[in-house]
Amino acid sequence: MKEILMFYRDDCGYCDMAFRALEELERVHSEYAEIPFRKVEETQDPDYADKFDYYATPTFYVGDEKIFEAHIGLKYDQMKDEVEKVFKTAAEA
């Protein structure tokens, strides 16, 4: 099991969608709540965020690997599927 690292912004609608998906998935899969999870608001820790290769938020890393980076046009079900892939990748690592 590896830590999930999520970069987000407080003013990001896609990030809000990802947080809703996180909450929903953790309710359905209680084991996901045991995976180490670090959230970084990029405007509050820009020096740390600048060390990573991403453009859009939310972006998820598992270990050193970028698993998902949001893009314009995502719907909630797509976001939820991507967030679940992140959880599964972290659980299997």
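Annotations
- Scanning the range 14-37 for residues that are surrounded by 14 or more Cβ atoms within 10 Å (Cβ to Cβ), touching a residue at least 24 places away in the same chain (Cβ under 8 Å) and of a type outside the set (A, V, I, L, M, F, W, C) gives Y14, R20, E24, H29, Y32.
- Some residue of the range 26-34 being under 24 Å from M1 (Cβ atoms), polar (S, T, N, Q) and more than 12 Å from the chain's Cα centre (by Cα): yes
- The set of residues in the range 74-93 that are in a loop (DSSP other than H, G, I, E, B), over 19 Å from K2 (Cα atoms) and either at pLDDT below 95 or of a type in the set (A, V, I, L, M) (or both) contains only L74.
- Which numbered condition D11 misses (of (1) in contact with a strand residue (DSSP E or B) (Cβ under 9 Å, 6 or more places away or on another chain); (2) surrounded by fewer than 17 Cβ atoms within 10 Å (Cβ to Cβ)): (1)
- Leading residue by the ranking (surrounded by the most Cβ atoms within 10 Å (Cβ to Cβ)) among those in the range 38-63 that are in contact with a Lys or Arg (Cβ under 9 Å, 6 or more places away or on another chain) and outside any strand (DSSP E or B): P58
- Restricting D47, D64 to those that are acidic (D, E) and modelled with pLDDT of 95 or more reduces the list to D47.
The values are calculated or read from the model by the stated rules, or taken from the named source; none is laboratory data. Note that the structure is a prediction, hence the values are computed from the model and not measured. Here the Cβ is made from the backbone with ideal geometry for all residues, glycine too, and neighbour counts use every protein chain on show.
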